[in-house]
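Readers should treat all values here as calculations from the given coordinates under stated rules, not as data from a laboratory. Everything quoted here is computed from the prediction, not taken from an experiment. As a convention, Cβ positions derive from the backbone with ideal geometry for all residues, glycine included, and neighbour counts pool all protein chains shown.
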Amino acid sequence: MVSKDEEIEKLKSEIERLKKELKKRKKYGLVWEDKKEDVVEMCKKKLPIIKEVKSREIITDKNKPVNLLIEGDNYHSLSVLNYTHAGKIDVIYIDPPYNTGNNDFIFNDNYVAREDAYRHSKWLSFMEKRLKLAKNLLKEDGVIFVSIDDNELAQLKLLMDSIFGENNFISIIVWKSKSGGAADSLFLAIDTEYIIAYAKNIKKLVFNKAPLESKKEYKYKDSNFTSYGKFKLRRLDETGIRYSKSLDFPIYINKDSIEINGEKIPISEKYFFNCDIPQNRITILPGGKLNHLKKYTWRWSKEKILKGFEKNYLVFIKNKNGEYRLMQKQYEFFDTSKEETISIRTTPYRNWIDFTNTTDGTIELTNIFHKKVFNYPKPVKLIKFIINLHPNKNAVVLDFFAGTGTTGHAVLELNKEDGGNRQFILCTNNENNICTDVCYPRIKKVIEGYKNSKEEWVEGLGGNLKYFKTDFVDYEEPTDKNKTKFAKHVTEMICVKEGTYEKVMDNEKFVIFKNSNHYTAIIWDQTAISEFKNAIKDMQGEFSVYIFSLTDDTFDEEFKDVKQKVTLSPIPEAILKVYRRIFR
């Protein structure tokens, strides 16, 4: 019989063996001890839903999109959105707790202290669950931006690599967030924060770009001026990490010809800009005297250079050292490289932001509330810049750490400025009444108008808002009773999914909502299908029809005579399928 001491020694030996085995398997990446979270665990017995707070609805223009504010833990809000908005979000911006250890991060109802041995593990567990849910919401050309500081920057980068894929990493944007001396730092004055950006699918991502140069740089005219505008000159040779031997060849200026890698064209004065044709044979190499380093090449192929001379896109100049250089004409409104008309030359925005700081955010909130209501809020100008990187003026923008509502404010301002129809979805808890006393009142004031701290009236930006709170339905087992109970609480989720809020018909058997020419119907009683079809026969538009069923039956046969008009889904199965994936 094995003694207790022997059993303990055996277990110790096994633990050591497993440790050695784990060391052998260790690979690049992020490893942490996953910590269970109460708000996640409760979803194994209770399913999240949303309930509208009708008294907080704001409607100023029925032709504008309806924005959403969801009060509750963002894990539950994101779970609901995984049903209502999967693959529908263009831009996500979030400003999560930075986990400084200074009462900024709550895990399982307790602040996480700097001395907590599991501080980073708790934060990573918390963020991973939410970022995974968020990824499901993005469109293929969608993008997510996450604000962070030094405390979790390295960990967040690795976490997002694992969730979104390292190949979908865009950049770390550096934001100069402080205007003062950053005296709170011991060794270095830290006055920057960061915004990490990832694409859902970087191959499909498109960003807006910044105007490239001032028009003052375009100061020369030629015969193309009427069509292309003025031009400036750019060297046709370049150096870079990729050297191509096929683009490294000599160009000769002869007495009567220009020779490009063995092919000649007649010489002409039009090919020489503010200089004379040389009297002796001249050899021009990419990089000039530095050509021997084998780093310089022409940017254009031989064939393209020949065509460039033919179309008057290329000229020679003589520099201050007496050397001839081959230059490309760059016109204001015509790209000679691509041979296409352009309205304005652009370049990618820099990953450095220094035009606004947290002081601006504080001033903005103080102007609205006439007092300080939050420490270090993000400024509207910062979030507008981030959102506006995405070119879709009808974008759906999500912030599931909405806090004071800056993202909603930014969306409303952008829409006012450029005539866009962006829609925001804000998710926040109500810790310290941040949702009821700051976020909601701020959005309401910005939509309807308010007096600033100088008692001056600020015109409202207009817009619409619906306010929801997360709630729960007991659901421990998939019994018919529980399915029936759950189905009775999903009307708001379906309306949010379809964007239909105007009730046009309601009885005990079915209910119909609409938005423009799109209708949503929920049929509670399967025996009322014929009655429902008769009710909609004169309605023009498309119908999303949700039918209560204890299985996943959509009753296609009963709707075959109106199949061109309806899209069918079973409830609650359509929602339960999403929740099984999330909560399994």
- Item | Ranked list, fewest to most other Cβ atoms within 10 Å of each Cβ, for 422, 56 | 56, 422
- Residues with amide H under 5 Å from that of residue 171, placed H, sequence gap 5 or more: 197
- Query: Could you give the dipole magnitude of the chain about its Cα centre, charging the beta-carbon of Lys and Arg +1 and that of Asp and Glu -1, in debye to the nearest 20?
  - Reply: 2400 debye
- Which part of the stretch 259-291 falls in the paramagnetic zone of residue 311, meaning amide N under 18 Å from the point 7 Å along Cα-to-beta-carbon? 271
- Query: Using 0.36 nm per residue, how much length does the chain from residue 456 to residue 44 gain when fully extended, once their Cα-Cα distance is taken away?
  - Reply: 143.2 nm
- Once you have the Cα-Cα distance between residue 560 and residue 283, take 0.36 nm times their residue separation minus that, and quote the gain in nm to one decimal. 91.9 nm
- Query: Computed on alpha carbon atoms, what radius of gyration and Dmax characterise the stretch 195-245, expressed in Å?
  - Reply: 17.8, 47
- Under a plain spin-label model, where a point goes 7 Å from the Cα along Cα-to-Cβ, how far apart in nm are residue 416 and residue 341? 3.6 nm
- List, in order, the whole-Hz ³J(HN,Hα) value for each residue of the stretch 570-584 obtained from phi through the Karplus relation with A = 6.51, B = -1.76, C = 1.60 and θ = phi - 60°; use x for Gly and Pro. x, 10, x, 4, 4, 7, 4, 4, 5, 5, 5, 5, 6, 9, 4
- Taking every pair of alpha-carbon atoms in the stretch 317-383, give the share separated by more than 13 Å as a whole percent. 76 percent
- Lys and Arg at +1, Asp and Glu at -1: neighbours of residue 257 with Cβ under 11 Å from its Cβ sum to 0
- Under the Karplus curve 6.51 cos²θ - 1.76 cosθ + 1.60, θ = phi - 60°, whole-Hz ³J(HN,Hα) for the stretch 196-204, x wherever Gly or Pro sits: 8, 10, 10, 8, 5, 9, 4, 5, 10
- Using only the Cα atoms of the stretch 96-205, build the gyration tensor, take square roots of its eigenvalues as a ≥ b ≥ c, and label the shape rounded, prolate or oblate: rounded if a/c is under 1.5, else prolate if a/b is larger than b/c, else oblate. oblate
- What is the diffusion coefficient of the stretch 264-369 in µm²/s, taking the Kirkwood radius over Cα pairs and the Stokes-Einstein relation at 20 °C with a viscosity of 1.002 mPa s? 119 µm²/s
- Which residues does a label at residue 480 reach in the stretch 510-545, if reach means a backbone N under 20 Å from a point 7 Å past the Cα toward the Cβ? 523-529
- Message: Could you tell me which residue out of 231, 210, 194 lies farthest along the dipole of the stretch 188-240 toward its positive end? Charges go on the beta carbon: Lys and Arg +1, Asp and Glu -1, centred on the Cα centre.
- Response: 231
- Message: Under 15 Å from a point placed 7 Å out from the Cα of residue 538 along the Cα-to-Cβ direction: which residues of the stretch 496-527 have their backbone N that close?
- Response: 505
- Query: Using a simple spin-label model with points 7 Å from Cα along the Cα→Cβ vector, what separation in nm is obtained for residue 502 and residue 295?
  - Reply: 6.6 nm
- Task: Taking the Cα centre of the stretch 138-275 as origin, sum charge times position over the Cβ atoms of Lys and Arg (+1) and Asp and Glu (-1), and report the length of that vector in debye to the nearest 20.
- Result: 760 debye
- Message: I'm a student and want to see the number: the projected area of the Cα convex hull of the stretch 1-142, averaged over all directions, in nm².
- Response: 15.2 nm²
- Message: Please give the charge dipole size of the stretch 215-347, origin at the Cα centre, charges +1 on K and R Cβ atoms and -1 on D and E Cβ atoms. Round to the nearest 20 debye.
- Response: 480 debye
- Taking the alpha-carbon centre of each part, the distance from the stretch 413-435 to the stretch 311-352 in Å is 42 Å
- Task: Please give the contour-minus-distance gain from residue 225 to residue 203: 0.36 nm per residue of separation, less the Cα-Cα distance, rounded to one decimal in nm.
- Result: 4.2 nm
- Counting only DSSP beta bridges fully inside the stretch 475-583, the antiparallel percentage to nearest 5 is 45 percent
- Task: In Å³ and rounded to a whole number, note down the convex hull volume per residue for the Cα atoms of the stretch 16-98.
- Result: 207 Å³
- Note on the structure: Within the chain, the percent of DSSP beta bridges that are antiparallel, given to the nearest 5, stands at 65 percent
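In the stretch 249-295, what is the volume of the convex hull around the alpha carbon atoms, normalised per residue and reported in Å³?
87 Å³
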- Message: What distance in nm separates the two pseudo spin-label positions at residue 359 and residue 20, each 7 Å out from Cα along the beta-carbon direction?
- Response: 6.2 nm
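State whether the stretch 144-236 is rounded, prolate or oblate according to the following rule on the C-alpha gyration tensor (a ≥ b ≥ c being the square roots of its eigenvalues): a/c under 1.5 gives rounded; otherwise a/b larger than b/c gives prolate, and the remaining case gives oblate.
Verdict is oblate for the stretch 144-236.
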- Kirkwood Rh, the chain, all Cα pairs: how many Å? 29.0 Å
- How many times 2.2 N^0.38 Å is the alpha carbon radius of gyration of the stretch 475-583? 1.05
